[in-house]
Structure formats: structure tokens, C-alpha cells
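Just so it is clear, none of the values below were taken in a lab; they were calculated from the coordinates. In this text, all values refer to a predicted model and were calculated from it rather than measured experimentally. Backbone-built Cβ (ideal geometry, glycine too); neighbour counts: all protein chains shown.
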Amino acid sequence: MSHGSHDTWIAQQMARCLREAGGDAFLDVYDIKTGDDWQDRLFQEIDAADELVVLLTPFSRDRSWLWVEIGAAMKVRKPIRPILYGLSIRDLVKSGNAGPLPSMQTRTLNEFDTYLAELRGRITS
């Protein structure tokens, strides 16, 4: 799960919901230990993941590592699941920092339950 450090609490709640829905969630605060090469670990996890959930907020949109993780997921053709909180795709486009997101279906944090239902459907099929 990609997020900015200012959004850690929200990301933790989302990861808990992902697990409750039957998925697995890699979250840096839980899964990267002292002394780990965190960059190497992130790329390993992206390679192993079925998809990348990205939490985009006003705090995270300008974080370079969030965009690196999106690019890494795209490189290995992983689906990207953008979740927006406190901003819109239009806001990202206006800021010049939308990357590939305008062509993707996004959900707001208020629609996270919709994403979870979609995830459950992918897990059970």
C-alpha cells in the first residue's frame, strides 16, 4: 500500500480493512524492520503484489516515492487502485502532478467500501 508518511494512520485503517476483506497488505510501518533495505524491500513487495493500492491526499501527492511506487507497479504491469482523500483527479491535473491517474478509475476514501467489495470479488473468483 503506497501512501505518504503524514497519512500513516489512514493507511493503517485501510490495511486493516484489506485484511478483513481477505486480502493481504504490505505496509511499511508494520513490515519494514530496523536495518532492512527499505527501497529493495518495496520493490520486492511490488513485484510480488497482485495490485497496488495508492492513497493520494494533499500531503502525499507531491511525495516522490509515491510516484516511484506507481511507476514500479506500472513497469511490472500490476493494477493500480487509486484512493483519493481531500483532492480530486482535477486537482492533480491542475497541479501538473497527475501522472497516469487521469485514465484510471479512481475511488474516494468515502467509496473505499466499493473497492473492498471489488477486492472480495477478485479474491473469491
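About the Cα centre of the chain, what is the dipole size in debye to 20, counting +1 per Lys and Arg Cβ and -1 per Asp and Glu Cβ, all else neutral?
Result for the chain is approximately 400 debye, rounded to the nearest 20.
When a/c is below 1.5 the answer is rounded, else prolate if a/b is larger than b/c, else oblate, so apply that to the chain with a ≥ b ≥ c taken from the square roots of the Cα gyration tensor eigenvalues.
Because its axes are fairly even, with a/c under 1.5, the chain counts as rounded.
Which value at 222 nm does the chain reach when only helices count, each DSSP H run of 4 or more adding -39,500 (n - 2.57), with the total divided by all residues and rounded to the nearest 500 deg cm²/dmol?
The helix-only estimate for the chain comes to -14000 deg cm²/dmol at 222 nm.
Of S95, L27, A15, which is farthest on the positive side of the dipole of segment 1-123, counting Cα position, with +1 on Lys and Arg Cβ, -1 on Asp and Glu Cβ, and the Cα centre as origin?
S95
How far is it, in nm, from the label point at W9 to the one at A21 when both lie 7 Å from their Cα along the line to the Cβ?
2.2
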